[in-house]
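One structure below.
The values are calculated or read from the model by the stated rules, or taken from the named source; none is laboratory data. Here the structure is a predicted model, which is why all the values come from computation and not from measurement. Cβ placement follows ideal geometry from the backbone for every residue including glycine, while neighbour counts extend to all protein chains displayed.
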Amino acid sequence: MTTRTYQEMDALRTATINLHKAKPGLRGKVDAMCCECIYDPGSGGGTWREQVEACTSPECPLYEVRPRSKPHD
Ligand code: SF4
């Protein structure tokens, strides 16, 4: 098992945010915002998308449009 340093995890998080932020349109911006909000590569909580899917803040204005692997209800 490979152990990442804090700096490597922070760089991965920043790269993931920037990747989505650079996409045209609102989809990438929403994805980037959710990553910025919740994604922690060192948490053991899964991929950025899995962590966003597991968001427990339905009061957030982005909650209904947050990225999910399955279609929205
Ligand atoms: S939907 Fe959840 S992960 Fe996305 S910005 Fe809101 S609180 Fe953060």
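Taking the criterion of being more than 12 Å from the ligand (Cβ to nearest atom) and either at pLDDT 95 or above or among the charged types (D, E, K, R) (or both), the residues of the range 48-73 that qualify are LYS70, ASP73. LYS23 passes every criterion in (1) within 13 Å of the ligand (Cβ to nearest atom); (2) modelled with pLDDT of 95 or more; (3) among the basic types (Lys, Arg); (4) part of a loop (DSSP other than H, G, I, E, B) apart from (1).
In the condition set (1) in contact with a Lys or Arg (Cβ under 6 Å, 6 or more places away or on another chain); (2) at pLDDT 95 or above, THR16 is compliant with all but (1).
In the range 32-47, what residues are of a type in the set (Asp, Glu) and within 9 Å of the ligand (Cβ to nearest atom)?
GLU36 - this is the single residue of the range 32-47 that is of a type in the set (Asp, Glu) and within 9 Å of the ligand (Cβ to nearest atom).
Within the range 40-69, residues that are touching a residue at least 24 places away in the same chain (Cβ under 8 Å) reach partners that are of a type in the set (Asp, Glu) and more than 8 Å from the ligand (Cβ to nearest atom) with beta carbons closer than 7 Å, at six or more positions or on different chains, in the pairs PRO67/ASP31.
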